[in-house]
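Each value in this text was obtained by applying a stated rule to the coordinates, not by laboratory testing. Worth saying up front: this structure is predicted, and the values here are computed from it rather than measured. Cβ: placed from backbone, ideal geometry, glycine included. Neighbour counts: every protein chain shown.
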Amino acid sequence: MESSGGGRRIKVATGILKANDRLAEENRRRFDEAGVLVVDVMGGPGSGKTALLEATIPRLKPEVRTGVVVGDVATTRDAERIAVHDVPVVQIETESFGGACHLEASTVRQALDGVDLESLDLLFVENVGNLVCPSHFDVGQHGRVVVLSVTEGEDKPLKYPLAFQVSDAAVISKIDLVPHLNIDMDTLRSNVEKANPKAERLELSSLTGAGIEEWMAWLRRALGRRS
Ligand code: MG
Ligand code: ZN
């Protein structure tokens, strides 16, 4: 009884992920047809995802036409912050989709109704603040970035390895705060590398601009591979 219950549960979970993967492929096809590079930005609440986009968007203008789909459980605060930079932005409030803690391919697909993909070169998907389940859901992106701030501690890449394993780049953010913290940057760096030796490791401060140029170079290389 117990094992059949367990089996059913596993089947249901696999079914959900398979359905998501199909929709993610459809999203990716739409992105490819429109020639837009899609980057999923993941990270815990307060890791600095929106701040990174705010630092990035003006530096991409005018050569790279950028748009943003941003997911939060509630509020349109992030969309308002991004809209200041005069780029198209769609806010997803996940509480209305019943899947509050991450974005899925279907949620992103609905948000695309509000985006003119043909007019974009780059679309950021800022995922719901969460270091766990966004990693399980392909939303149709071409690349993934995980953002971890220095305030979160050295051990997070070991505790939440999947977010790092599925990411092409790992951004250590808020490095301007390091002098005020009891953090061992070498341990943090080596933990990021342990979680995913292949991910590009970047360290930056969206506030001071330190390290931002290396991040911009990584993005431009990703954009170059698309065209
Ligand atoms: Mg945000
Ligand atoms: Zn979730």
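Data for the structure
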read-out	value
Estimated 222 nm signal from helices in the chain, with DSSP H stretches of n ≥ 4 weighted -39500 (n - 2.57), rounded to 500	-13000 deg cm²/dmol
Given charges at beta-carbon only (K, R positive; D, E negative), |dipole| of the stretch 1-130 in Debye	440
Per DSSP, loop GluC sites (Glu not before Pro) in the stretch 13-89 with at most 16 further Cβ within 10 Å	63
Dipole moment magnitude, nearest 20 debye, the stretch 94-176 about Cα centre, only Lys, Arg, Asp, Glu C-beta charged	300
DSSP beta bridge pairing in the chain, given as percent antiparallel to the nearest 5	5
Potential extension, residue 181-residue 95 segment - 0.36 nm per residue separation minus Cα distance	27.5 nm
Shape box of the stretch 137-223 [Cα atoms, principal axes, largest first, Å]	38, 28, 19
Contour excess over end-to-end distance, with Cα ends at residue 8 and residue 63 and 0.36 nm allotted per residue	14.7 nm
For the chain, diffusion coefficient by Stokes-Einstein and Kirkwood Rh (Cα), 25 °C, 0.890 mPa s, µm²/s	136
Neighbourhood charge, 9 Å Cβ-Cβ cut-off, centred on residue 185 and excluding it, Lys, Arg +1 and Asp, Glu -1	-3
HN-Hα J in Hz across the stretch 129-145 - Karplus 6.51, -1.76, 1.60, θ = phi - 60°, x for Gly and Pro	x, 4, 8, 10, 7, x, 4, 7, 10, 5, 10, x, 5, 9, x, 10, 10
Residue pairs, from the table 18/61; 18/49; 174/198; 18/174, whose Cα atoms sit over 32 Å apart	18/61; 18/174
For the stretch 24-73 and the stretch 168-227, distance of Cα centres in Å	17
Descending semi-axes in Å of the stretch 60-118, equivalent ellipsoid built from Cα gyration tensor	22, 14, 8
Positive-end residue, the chain charge dipole about Cα centroid, Cβ charges, pick of 199, 55, 44	199
Zero-based 10 Å bins, Cα pair distances in the stretch 134-187, whole percents	22, 49, 23, 6
